[in-house]
1. Would you please name the GluC sites (Glu not before Pro) within segment 69-149 that are DSSP coil residues with at most 10 other C-beta atoms within 10 Å of their C-beta?
2. Send over the per residue convex hull volume for segment 112-162, Cα only, as a whole number of Å³.
3. Apply the Karplus parameterisation 6.51 cos²θ - 1.76 cosθ + 1.60, with θ equal to phi minus 60°, to every residue of segment 63-78 and state each ³J(HN,Hα) to the nearest whole Hz, in sequence, with x for glycine and proline.
4. With Cβ to Cβ distances under 10 Å as the rule, what net charge do the other residues near Val50 carry (K, R +1; D, E -1)?
Amino acid sequence: MAKCYFIAVIWLIAPLALSLPGDRDEPIEITADNAVINEKESRAEYSGTVVVSQGSMKLEGDVVNLKTDDVGEVEIFVSKGQPARFENLRSKTDSEPVRGRALTIYYSYDSDRVVLAGDAIITSEDSEFSGQEIIYNLDTGEITASGNQSRRVSMTMKPREK
């Protein structure tokens, strides 16, 4: 059984390779209904159908907070929604991006880690992975999921079309 589970996870992780290399060279664009920016604390809060995009990466939520470092570079985005959403193309040849949704999504800009918390789901082409919390590393494509008694980790793989 453990071997089957390991193979299933590999099927999901294998297509989750790197994000597009040029994405980091693109500007970060944020649209929202409202914004409160506190330069002194290096924080901003955007609310009302917020969309953050950079290249193929997109983060959506009802409220998105961001924090910058001392030189004004983004450190982290925190998106909250019903649900918050995330998507990212792995390569230019992909027909569909990796998509994730959860109640809260933490995107650590420095480490390229996305943490989906609260009824988290990641979908990649023909696979869906869910749990209470999912950590997705954009650099390596590695996924770590955790669950609990009421919401166990689950994976669904659709057969490939012939």
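1. Numbers: sites: Glu73, Glu75, Glu87, Glu125, Glu128, Glu133, Glu142; in loops: Glu73, Glu125, Glu142.
Answer in residue order: Glu73.
2. Working: hull volume 3.6 nm³, N = 51.
About 70 Å³ per residue, rounded to a whole number.
3. Each residue's phi maps through the Karplus curve to give 9, 10, 9, 9, 10, 10, 8, 5, 9, x, 7, 5, 9, 8, 10, 10 Hz.
4. Values: positive: Lys80; negative: Asp33, Glu45, Glu60, Asp62.
Net charge around Val50: -3.
Since every read-out is calculated from the coordinates, none of them should be taken as a lab result. Just so we're clear, the structure is a prediction, and the values are computed from it rather than from any experiment. Please note: Cβ atoms are built from the backbone with ideal geometry, for glycine as well, and neighbour counts cover all protein chains shown.
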